[in-house]
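What follows is one structure encoded as structure tokens, with my remarks underneath.
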Amino acid sequence: MQKPSRCALRSTAATIAAAALLTGISSAPARAEIEVNLFTGYQTAPHSRVKGTSPTNGDFNALIGWEGKSFDMPPYYGVRATWWRDDNWGVGLEFTHDKVYADEDDMAAAGFSHLEFTDGLNIITVNASRRWQNQWGNITPYVSGGIGISIPHVEVTPTGGQKTFEYQYGGPAMRLTAGASYPISDQWSLFGEYQFTASRNETDLSGGGNLDTRIFTNALNVGVGFRF
């Protein structure tokens with residue numbers, strides 16, 4: 001079975017996002033509020049196990065330590081659109097450019113000279129959100145949860161083998177978020193939040209073989225929101 005190309009994956013992701021946006025807008029009641037959030041922050045990832053088959057070194061199964069390096073290029077960031085159906089409940093779409101770099105010693109011991117998802121570990125989810133308007137004076141706390149897909153940029157080179165450097169469909173993903181926002185005008189706000197993501201990443205390696213890993217991320221985000 002032929003793997004989808006990098007352009008095809010980008011096109012598919014864009015189609016999914018556009019369809020979700022159009023569906024939400026067309027079904028939203030006239031009084032609904034739409035909010036767009038842009039954010040960055042400090043993202044990390046705990047150890048996880050990678051397993052599969054290398055075309056040069058055979059089967060592998062190793063525990064890998066990951067680094068987020070949030071502010072190295074390309075940086076960690078995200079964008080979220082939420083349709084608040086009423087004062088309390090909303091639905092929306094979210095994209096985060098998470099990323100992870102394998103610890104050098106762990107990577108070498110597992111039989112790789114290069115192992116990362118840094119352009120990035122892209123997570124797209126459809127979310128459900130709950131907020132409590134002006135719960136603490138002008139501060140509005142909120143929570144959200146979502147399910148979706150992972151589209152990692154696979155950057156993997158087995159020791160002595162071919163380099164894999166392409167976008168692939170990884171598998172299912174989910175996210176949980178809790179935060180609070182503060183208005184600075186009628187339309188603009190600032191916010192801070194904690195976000196957790198989990199994703200399954202089943203990837204193919206150039207020259208044959210595969211790599212499978214589950215990645216969990218933790219992030220402290222800050223950003224700006226715009227309502228209309």
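The values are calculated or read from the model by the stated rules, or taken from the named source; none is laboratory data. Just so it is clear, the model here is predicted, and its values are computed rather than measured. With ideal geometry, Cβ positions are generated from the backbone for all residues, glycine too; neighbour counts draw on all protein chains shown. Please note that ligands, DNA and RNA were not included when accessible areas were found on the heavy atoms of the full protein model with its side chains. Shrake-Rupley method; radii C 1.70, N 1.55, O 1.52, S 1.80 Å.
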Roughly speaking, to the nearest percent, how much of the chain's 1.4 Å accessible area is carbon and sulfur? 60
Go ahead and run the numbers for FRET between W136 and D72, Cβ-Cβ distance against an R0 of 45 Å, rounding to 0.05. 0.80
Taking a 1.4 Å probe, which of M174, M107 shows the most accessible area, and what order do the others take after it? M174, M107
If you line up the long axis of helix 6-27 against the longest principal axis of the chain, both from Cα atoms, how many degrees apart are they, to the nearest 10? 20
Ordering 93-99, 221-227 by per-residue average of other C-beta atoms within 10 angstrom, highest first, gives 93-99, 221-227
Counting Lys +1, Arg +1, Asp -1, Glu -1, what net charge surrounds G41 among other residues with beta carbon under 11 Å of its beta carbon? -2
When only alpha-carbon atoms count, how far does the chain stretch along each of its three principal axes, as whole angstroms with the largest first? 59, 34, 24
Considering the options L115, Y101, I147, tell which one lies farthest towards the positive end of the dipole of segment 95-148, charges being +1 on Lys and Arg and -1 on Asp and Glu at the Cβ, about the Cα centre. I147
Let me check against my output: what whole-number percent is the relative contact order of the chain, with C-alpha pairs under 8 Å and at least 6 apart? 21
Based on Cβ point charges of +1 for Lys and Arg and -1 for Asp and Glu, what charge dipole magnitude is obtained for the chain about its Cα centre, in debye rounded to the nearest 20? 600
HN-Hα couplings for segment 184-190 via Karplus (6.51, -1.76, 1.60; θ = phi - 60°), in whole Hz with x for Gly/Pro, come out as 10, 6, 5, 10, 9, 8, 10
Using the heavy atoms of the protein chains and a 1.4 angstrom probe, tell me the accessible area per residue for segment 122-216 in square angstrom. 44
Note, P141: beta-carbon cut-off 11 Å, +1 each Lys/Arg, -1 each Asp/Glu, net +1
Can you tell me which of 166-173, 185-192 comes out highest on packing, and rank the rest after it, using the mean Cβ neighbours within 10 Å? 166-173, 185-192
